[in-house]
Every structure is written in C-alpha cells, then in structure tokens.
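First up is the structure itself, then whatever we jot down about it.
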Number of protein chains: 2
Amino acid sequence: MIKTTFLGTSGSAPTAERGLPSVAIECNGGLYLFDCGEGTQRQVMKYSVNLSRLKAIFLSHIHGDHSIGIAGVVRTLALNRRTAPLEIYVPKGEIDAISQLLKFDRVMLGYKITVKPIKTGVIFKGREFKVSAFRLIHSIGAYGFVFQADDRLHFIKQKAEAAGLKGAMFSKLQERGKMTINGKQVRLSSVTTREAGTKIVYSTDTRPSKEIIAASKGADLMICESTYANSEQRLAVERKHSTAEEAAMMARKSKAKRLIITHISTRYKNPSTLLSEAKCIFGNTELASDGLAISI
Amino acid sequence: MIKTTFLGTSGSAPTAERGLPSVAIECNGGLYLFDCGEGTQRQVMKYSVNLSRLKAIFLSHIHGDHSIGIAGVVRTLALNRRTAPLEIYVPKGEIDAISQLLKFDRVMLGYKITVKPIKTGVIFKGREFKVSAFRLIHSIGAYGFVFQADDRLHFIKQKAEAAGLKGAMFSKLQERGKMTINGKQVRLSSVTTREAGTKIVYSTDTRPSKEIIAASKGADLMICESTYANSEQRLAVERKHSTAEEAAMMARKSKAKRLIITHISTRYKNPSTLLSEAKCIFGNTELASDGLAISI
C-alpha cells in the first residue's frame with residue numbers, strides 16, 4: 001500500500017488553514033517528500049507521518065515556499081540522532097544554493113546529506129518503485145515527478161502447477177525470467193499475469209504542458225497545482241502557474257484516474273470555485289486540504 | 001499599551017503544540033519580532049498579529065530554530081507588496097550568513113532589508129521606546145534584549161497651574177525641560193511626576209548570568225529560556241541552556257515583577273515540572289504557551 005499525505009496545500013504563502021507545499025509518500029517503510037515548504041517538520045507531526053523514515057526529498061524548484069522547510073527537517077533529524085544518509089534532489093544548477101541553505105548556521109548535522117541534480121528520466125530507485133522527473137514550465141528551472149511502483153506479478157495457479165513450479169522455483173523464476181523444469185523451458189510471462197504498479201504524478205509550479213500530460217498518462221493519482229480560478233487566468237499566464245480548469249484539462253487528456261488540485265492561492269478563502277471549475281472538465285477531481293491522506 | 005505575544009515556545013525543534021521561538025511585541029502601531037523560528041509567518045496569522053506592521057526583527061543568535069522563519073517572513077511581505085524598509089539585527093559576524101539566507105533562492109523582494117550588527121547597549125530607537133542588547137552565554141555568539149518604553153510624565157495639576165502653565169506651554173516645557181513663565185524659570189521635573197516605562201526582557205539561548213540579572217532589574221516582564229527541568233541540569237550545562245529553576249533564580253535576584261518561562265525542550269509533553277520548580281523559587285512565574293498574549 002502506498003500512502004500519500006498532503007502536508008501543505010497553499011500557494012506561495014501559508015494561510016491559517018493551509019501550510020506551504022509538501023506531499024509525503026510512504027511506501028515499503030520509507031518516507032519520500034515532494035517539496036518541503038516552511039513548516040513541513042511540524043506538519044508531519046500533525047498528520048502522523050514518521051519523519052525518521054525519511055529517505056529522500058525531491059524539490060520541484062528552489063523557490064522558498066517549496067524548499068525552506070528542508071533546513072528545519074535536517075536539523076530536527078540531527079537532534080533525533082539520525083545516522084542514516086539523506087538524499088535531496090534539486091534542479092541542476094541549484095545544488096550550491098540548497099547546500100548553502102542546509103548549512104547556513106554552521107550547525108553540524110552528524111549524518112551525510114547528498115544534494116543531487118535532477119535530470120529528466122529516472123532519478124531514484126527505491127524498494128519496488130522508482131521516481132522519474134520531467135520538465136515543468138515556470139519562472140525558474142522546475143521539475144514534476146512520477147512515483148511509479150513496480151508492476152506486480154501474480155502466478156496463475158493452474159499454469160504454474162502444469163509447468164511443474166514448486167517451492168523456491170517461484171522466486172527463482174521471478175528473478176531470472178525463465179528457467180528449465182523437467183527439461184522444458186518455462187517463461188515467467190507464460191505463468192503470470194501482470195498488475196500495473198501504482199502511479200502518482202506531482203506537478204507544481206507550472207503552466208500546463210504536453211510533458212505533464214504525457215508523464216501523467218493513466219496515473220492513479222495526479223496531483224496538480226491549481227493556483228488560480230478562471231477569473232485569474234491572466235495571472236496564471238503571467239506568473240507561470242495554472243488554473244484549476246487547466247489542471248483538469250490535463251487530467252482528462254492524460255486519462256488519469258483521479259485528480260487532486262493543490263497549491264491554492266491565498267486569495268481564495270473558500271476555493272469551491274476552483275473545484276467546481278475543475279469538475280466541469282474532469283469529474284473525479286478533489287480539492288487538497290492539509291492532512292488529506294490517500295492510500296492506494 | 002504594549003502587547004507581547006508568544007508565537008513559538010518550543011526549544012530546538014517544534015512539537016504539535018509548540019512552534020519554534022518567536023516573541024512579538026506590538027507598540028505604538030509597530031511590530032517587533034524577537035527571534036523568528038520556522039513557521040513564524042503562520043503563527044502571526046493564527047494569533048492575530050499584524051505582520052504588515054513589522055518594523056524590525058531581532059535575532060538572539062543564528063541557530064536555525066531561532067532564525068529560519070525570516071526567509072518566509074520577508075518573502076510573504078514581498079508578496080503583499082511591501083515597500084517600507086525592514087531592519088534585521090543579528091550578532092556581529094553573522095551578517096553574511098543571514099544575508100545569504102534572505103536571498104538563497106534569488107527571489108527579488110522589492111523593498112529594502114538592512115541586516116545590522118548587534119552590539120551591547122542601545123541598538124534601536126522606536127517611537128517612545130528603545131531596544132538594547134546584552135551578551136548571553138551560549139555555544140555561539142548570542143544576545144538578550146531589553147525592550148524599554150520611555151518613562152511617562154504626568155503633570156501635577158496644582159503645581160502646573162501655580163507655575164502659570166497653559167495651552168501649548170505644556171508640550172514646549174516637555175520638549176525643552178525648562179522655560180520661563182512670567183519672568184520665573186519653571187523646570188519640567190518640578191511640575192511633573194515620572195512613571196517608569198514598561199520594561200520587557202527576552203533572553204534565550206543561554207546559561208544563567210550576572211548580565212541577565214543586571215539587564216532584567218525590575219523588569220515588568222522577564223522572558224527566560226527554561227529548556228530543562230532540574231533532572232536535566234547536566235544537559236543544561238553541557239548544551240549551554242538553562243533550567244526553569246535557574247531562570248527563576250535570576251528573576252528573584254533581578255526583582256523582576258513577572259517571569260515567563262519558554263523554549264521548552266520537546267522531551268516535556270506536559271512541562272508542569274518546570275513550572276513548579278520555577279515557582280518554588282519565584283512565585284510569579286508562568287509557563288509560556290503558543291498564543292499567550294500579555295498586555296501591559
């Protein structure tokens with residue numbers, strides 16, 4: 001099971017109800033943060049996400065509202081006597097800026113932090129999943145992320161028995177792809193069905209793009225920034241953000257199963273307009289709120 | 001009236017209940033922040049402190065838990081189209097570190113921020129008050145602050161009338177200190193009584209010291225870090241912090257009127273022990289909580 005928790009759902013500045021952007025994905029005992037706005041280390045407490053399991057942080061871009069929280073997160077992990085290494089992925093060209101932020105007060109952290117550059121394609125391989133990145137269109141270099149769980153194989157009982165599979169053979173066949181049993185070659189694909197792994201796509205901050213649609217193809221969960229309502233379309237263009245309707249258009253074109261709109265401008269005290277504008281285009285849309293948790 | 005609001009009362013790391021250190025003082029329409037831990041820009045919303053009135057931030061030292069919040073505060077002020085300048089006071093030698101933190105993501109702020117060095121003595125003069133600084137004893141250069149409102153003069157009606165004071169003469173005499181009325185010299189001090197201005201002292205992070213006691217002499221409000229209970233006295237010494245009892249000892253020696261203990265270690269879920277240990281020494285002690293507001 002993969003659990004996605006929205007830790008902060010506001011855009012640019014926080015409100016009393018919405019913290020700054022961060023999405024936590026918990027998978028196979030590890031925690032992965034996508035963006036890390038100010039206050040993330042407190043939001044994880046509030047929403048029962050176990051920070052000690054943090055393996056990697058992926059920053060879409062270095063604007064402060066998406067990144068400042070790493071400074072507090074790494075310090076609190078140090079206070080908690082972390083020894084495990086931590087990886088932080090940032091757009092190429094921002095490694096120095098983020099490294100500076102991590103050590104600005106000269107506090108010794110006592111564990112290894114590696115700041116790595118994001119390039120398009122697969123950037124991280126975890127236990128039974130991988131994370132890949134794709135370019136976004138913002139005022140500075142920004143990336144979206146695809147969290148893709150590995151496909152799951154299910155043995156077809158009848159076919160496996162007929163092929164003579166038993167005991168340790170199942171795992172051996174899974175490892176090797178094919179093997180010989182009683183003089184006959186057995187292919188993994190001939191005795192299994194394949195269940196597609198969960199796909200979660202996170203894209204903010206950005207104008208709508210073909211890259212987002214392509215990356216989100218068939219996603220189980222598509223998380224899109226929707227900073228503005230249609231009435232502020234001009235601002236969305238000017239500031240390189242998206243409207244809720246634009247996010248919904250992309251969800252429809254990518255045939256995503258479910259859309260969550262987030263990164264809501266502070267101007268909307270009650271963003272029901274954004275939700276209804278998106279729902280007109282893509283019915284299965286939900287409005288993110290801090291603490292919203294989705295298990296797939 | 002001077003209003004003091006505790007925006008964050010935890011030590012080193014936040015908890016679900018306590019944010020990172022920051023104390024807001026509102027006086028004559030201006031807002032002054034003493035320390036600015038992560039999340040301060042959200043705490044001001046929660047506790048109805050008007051950030052747009054911010055005039056200056058005073059950082060006791062640059063450890064992240066006391067300073068990271070400035071990055072978000074200055075960005076949100078920029079989003080709100082601030083044009084007024086802002087002053088940030090930091091211990092001498094830390095100007096570069098804080099300046100770096102302010103601009104790490106290269107976002108243009110659009111208003112002038114001056115980072116100024118703290119020295120002992122008066123560092124800021126506001127409308128009818130001044131802020132002075134004194135050295136603390138911590139693992140890096142740190143300062144405590146005295147917020148001292150100007151004394152208030154009250155004319156003694158009978159004496160003022162006898163001296164012939166009327167109309168604009170009152171403000172003229174206040175300005176000049178003395179003046180001649182009907183051929184006679186009148187001194188301000190002979191026709192007025194002087195009411196001492198409110199004194200608020202903020203000291204964290206630190207070991208107890210004579211300097212704190214001296215600076216806090218007769219304070220109306222003494223705000224002291226009390227990271228630990230007596231049982232963790234060893235840690236207090238080792239990490240250059242104070243126990244609640246040590247804070248109370250200083251309050252007693254300085255003859256402060258009221259002590260608020262804050263910067264509570266995250267190990268104390270219910271810090272009633274700290275409060276009772278302090279109260280044994282100094283009866284008028286209160287335990288700070290986020291949102292506690294005191295008007296004097």
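The values are calculated or read from the model by the stated rules, or taken from the named source; none is laboratory data. Remember, predicted model here, so these are calculated numbers, not experimental data. Cβ atoms come from the backbone with ideal geometry, glycine included; neighbour counts cover every protein chain shown. Heavy atoms of the whole protein, side chains included, go into the accessibility calculation; ligands, DNA and RNA do not. Shrake-Rupley method; radii C 1.70, N 1.55, O 1.52, S 1.80 Å.
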**Asked** Is segment B:78-93 home to any residue that is over 20 Å from the mean Cα position of the chain (by Cα) and in contact (Cβ under 8 Å) with a residue 40 or more places away in the chain?
**Response** yes
- Message: On the basis of being within 26 Å of B:Gly11 (Cβ to Cβ), among the basic types (Lys, Arg) and either out of contact with any Pro (no Cβ under 7 Å at 6 or more places or on another chain) or not assigned by TED's automatic domain parsing to the domain that holds B:Met222 (or both), does B:Arg135 make the cut?
- Response: yes
Filter segment A:1-13 for residues that are of a type in the set (Gly, Ala, Ser) and not in a loop (DSSP other than H, G, I, E, B); the one that is surrounded by the fewest Cβ atoms within 10 Å (Cβ to Cβ) is A:Ser10
Given (1) free of Cβ contacts under 8 Å to residues at least 40 places away in the same chain; (2) within 26 Å of B:Ser48 (Cα to Cα); (3) surrounded by fewer than 17 Cβ atoms within 10 Å (Cβ to Cβ); (4) not basic (Lys, Arg), B:Gly283 misses just (2)
In segment A:143-152, is there at least one residue being in contact with a Leu (Cβ under 7 Å, 6 or more places away or on another chain), of a type in the set (Gly, Ala, Ser) and more than 9 Å from chain B (Cβ to nearest Cβ)?
yes
Q.
Please determine whether any residue of segment B:142-158 is at pLDDT 95 or above, in the same structural domain as B:Ser226 (by TED's automatic domain parsing), β-branched (Val, Ile, Thr) and more than 20 Å from B:Ala256 (Cα to Cα).
A. no
Subset of segment A:27-59, residues within 16 Å of A:Thr4 (Cα to Cα) and in a loop (DSSP other than H, G, I, E, B), comes to A:Asn28, A:Gly29, A:Asp35, A:Cys36, A:Tyr47, A:Ser48, A:Val49, A:Asn50
Given the conditions (1) in a strand (DSSP E or B); (2) in contact (Cβ under 8 Å) with a residue 40 or more places away in the chain, every one holds for A:Ala24 apart from (2)
Out of (1) under 28 Å from A:Glu17 (Cα atoms); (2) modelled with pLDDT of 95 or more; (3) out of contact with any Gly (no Cβ under 7 Å at 6 or more places or on another chain); (4) surrounded by fewer than 24 Cβ atoms within 10 Å (Cβ to Cβ), the one B:Lys55 does not meet is (3)
When segment B:223-242 is checked residue by residue, the ones that are touching a strand residue (DSSP E or B) at 6+ places or on another chain (Cβ under 8 Å) and not in a loop (DSSP other than H, G, I, E, B) are B:Ile223, B:Cys224, B:Glu225, B:Tyr228, B:Asn230, B:Glu232, B:Gln233, B:Leu235, B:Ala236
Among strands (runs of 3 or more DSSP E) entirely inside segment B:106-211, those with 1 or more residues being of a type in the set (Asp, Glu) and open to solvent by 80 Å² or more (accessible area, probe 1.4 Å) are B:192-195
Taking segment A:224-246 and keeping only residues that are of a type in the set (A, V, I, L, M, F, W, C) and either open to solvent by 10 Å² or more (accessible area, probe 1.4 Å) or within 20 Å of A:Gly141 (Cα to Cα) (or both), one is left with A:Cys224, A:Leu235, A:Ala236, A:Val237
Of the residues in segment B:212-223, those that are open to solvent by less than 20 Å² (accessible area, probe 1.4 Å), of a type outside the set (Gly, Ala, Ser) and in contact with a Lys or Arg (Cβ under 6 Å, 6 or more places away or on another chain) come to B:Leu221
When segment B:247-270 is checked residue by residue, the ones that are buried (at least 23 other Cβ atoms within 10 Å of the Cβ) and assigned to a helix (DSSP H, G or I) are B:Ala247, B:Ala248, B:Met250, B:Ala251
Considering segment B:60-105, residues that are in a loop (DSSP other than H, G, I, E, B) and more than 9 Å from chain A (Cβ to nearest Cβ), and then whichever is surrounded by the most Cβ atoms within 10 Å (Cβ to Cβ), we arrive at B:Ser60
Within segment A:106-127, the residues that are touching a strand residue (DSSP E or B) at 6+ places or on another chain (Cβ under 7 Å) and either of a type in the set (S, T, N, Q) or at the interface with chain B (Cβ under 10 Å from one of its Cβ atoms) (or both) are A:Thr114, A:Thr120
Worksheet item: Given the structure, is A:Glu195 at pLDDT 95 or above, among the acidic types (Asp, Glu) and within 32 Å of the chain's Cα centre (by Cα)?
Response: no
Inside segment B:14-43, the number of residues satisfying the requirement of being at the interface with chain A (Cβ under 10 Å from one of its Cβ atoms) and either touching a strand residue (DSSP E or B) at 6+ places or on another chain (Cβ under 8 Å) or open to solvent by 10 Å² or more (accessible area, probe 1.4 Å) (or both) is 13
Quick one: is A:Thr273 closer than 22 Å to A:Thr15 by Cβ, at pLDDT 95 or above and open to solvent by 50 Å² or more (accessible area, probe 1.4 Å)? yes
Flagged in segment A:286-296 as open to solvent by less than 40 Å² (accessible area, probe 1.4 Å) and within 16 Å of A:Thr243 (Cβ to Cβ), in numbering order, are A:Ala288
